[in-house]
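**Q** First the structure, then my questions, so here it is.
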Amino acid sequence: MKFFIDTADVDAIRELHDLGMVDGVTTNPSLILKSGRDIIEVTREICSFVKGPVSAEVVSLKADEMLAEGRKLAAIAPNIAVKVPLTWDGLKACKVLSGEGFMVNVTLCFSANQALIAAKAGATFISPFIGRLDDINLDGLDLIGDIRTIYDNYDFKTQILAASIRTANHVKDCAMIGADVITAPPNVIKALASHVLTDKGLDQFTKDWAKTGQKIL
Ligand code: E4P
């Protein structure tokens, strides 16, 4: 399973990249706002060291304008995945942009039928939002499972990019279900390494080692 990092914070991406944890990056208008950076400039900086897909999102609501924005974003680097919303206009833009050879990430997916139609429109990635479904007491992981079944039934090549990941358990569950990619904020990726028994065990070993009076170096 590939790890994309869901942020436009370049320092945070670099830290994880140096550990080999970054297969790609996703951004959205809210993350660009949070970064305080210009979208073109920050996306270009991310693409200077991340070689996997870097999603940059269009903001227009009309297909024609999405196309113009998408082509401009795609010109930043060859590894840009143009992110379009799962609307009828977004699907039109997806069809054209994928036909032109660009990677397209169809975002804001909340149902299996939306994922089905995005695959028909040639999406490279479909982004179902787990956390936002959980927020309204629906089961985001059920959606990942449903899409996996549908895509496998018909051998769709669209990759399932599980998004709106909030917890380490979301990551594990997505891996069990067979999502192709998860995109998660840096703190969730770091939480994958944590376990209370690791901390407890290390504390005990450190105390016992001190009692031996020995040194390795
Ligand atoms: C995905 O591409 C989105 O940027 C992201 O995962 C949304 O997550 P949120 O629901 O935590 O904002």
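The values are calculated or read from the model by the stated rules, or taken from the named source; none is laboratory data. The structure presented is a predicted model; accordingly, all values stated were derived computationally and were not measured. For neighbour counting, all protein chains shown are included, and Cβ atoms are generated from backbone atoms with ideal geometry for every residue, glycine included. Quick note on the areas: whole protein, heavy atoms, side chains included, nothing else; ligands and nucleic acids left out. Shrake-Rupley method; radii C 1.70, N 1.55, O 1.52, S 1.80 Å.
**Q** Between the DSSP loop rule and a limit of at most 14 other Cβ atoms within 10 Å, which trypsin sites (Lys or Arg not before Pro) in the range 170-217 are left?
**A** Passing both the DSSP loop test and the Cβ count: LYS215.
**Q** OK, next. Which of LEU16, GLY99, THR43 sits farthest toward the positive end of the charge dipole of the chain, with +1 on the Cβ of Lys and Arg and -1 on the Cβ of Asp and Glu?
**A** After comparing all options, I get LEU16.
**Q** Pairs LYS83/LYS190; LYS34/LYS62; LYS2/LYS172; LYS157/LYS190; LYS34/LYS92; LYS2/LYS92: which are spaced more than 23 Å apart, C-alpha to C-alpha? Numbers along the way, then the final one.
**A** Details: LYS83/LYS190 25 Å; LYS34/LYS62 25 Å; LYS2/LYS172 12 Å; LYS157/LYS190 30 Å; LYS34/LYS92 29 Å; LYS2/LYS92 27 Å.
Checking Cα-Cα distances, LYS83/LYS190; LYS34/LYS62; LYS157/LYS190; LYS34/LYS92; LYS2/LYS92 exceed 23 Å.
**Q** For the chain, modelled as a GNM with alpha-carbon contacts under 10 angstrom, which of GLY140, GLY201, GLY36 fluctuates the most?
**A** GLY201
**Q** Hey, another quick one. Could you tell me the relative contact order of the chain? Use alpha-carbon pairs under 8 Å, at least six residues apart, and round to a whole percent.
**A** Relative contact order here is 17 percent.
**Q** In whole percent, and with a 1.4 Å probe on the protein chains, what portion of the accessible area of the range 2-212 is carbon and sulfur?
**A** Looking at the range 2-212 in its full context, I get 56 percent from C and S.
**Q** Okay, next question. Once the other residues with Cβ under 13 Å from the Cβ of LEU31 are scored (Lys, Arg +1; Asp, Glu -1), what is the net sum?
**A** Local charge sum for LEU31: 0.
**Q** Follow-up question, since we're still on this one. Using a cut-off of 15 Å between beta-carbons, work out the net charge of the residues near LEU133 (Lys and Arg +1, Asp and Glu -1, LEU133 not included).
**A** Overall, the nearby charge balance is -4.
**Q** Same structure again: For the chain, with only Lys/Arg (+1) and Asp/Glu (-1) charged at the beta-carbon, what is the dipole magnitude about the Cα centre, in debye rounded to 20?
**A** Once rounded to the nearest 20, the dipole reads 340 debye.
**Q** Determine Rg/Rh for the chain; Rg is computed over alpha-carbon atoms and Rh is the Kirkwood hydrodynamic estimate from the same atoms.
**A** Expressed as Rg/Rh, it is 1.07.
**Q** Using a 1.4 angstrom probe on the protein heavy atoms only, could you order ARG132, ARG37 from most to least accessible area?
**A** From most accessible down to least: ARG132, ARG37.
**Q** Please give the charge dipole size of the range 19-80, origin at the Cα centre, charges +1 on K and R Cβ atoms and -1 on D and E Cβ atoms. Round to the nearest 20 debye.
**A** 80
**Q** Taking the Cα centre of the chain as the origin and placing charges on Cβ (Lys, Arg +1; Asp, Glu -1), which of ALA112, LEU33, ALA175 is farthest toward the positive end of the dipole?
**A** Of the candidates, ALA175 comes out farthest on the positive side.
**Q** Could you put HIS17, HIS195 in order of accessible surface area, largest first, with the 1.4 Å probe and the full protein assembly present?
**A** Result, largest first: HIS195, HIS17.
**Q** Once Rh for the range 133-217 is found with the Kirkwood sum over Cα pairs, what is the Stokes-Einstein diffusion coefficient at 10 °C and 1.306 mPa s, in µm²/s?
**A** Result for D is 101 µm²/s.
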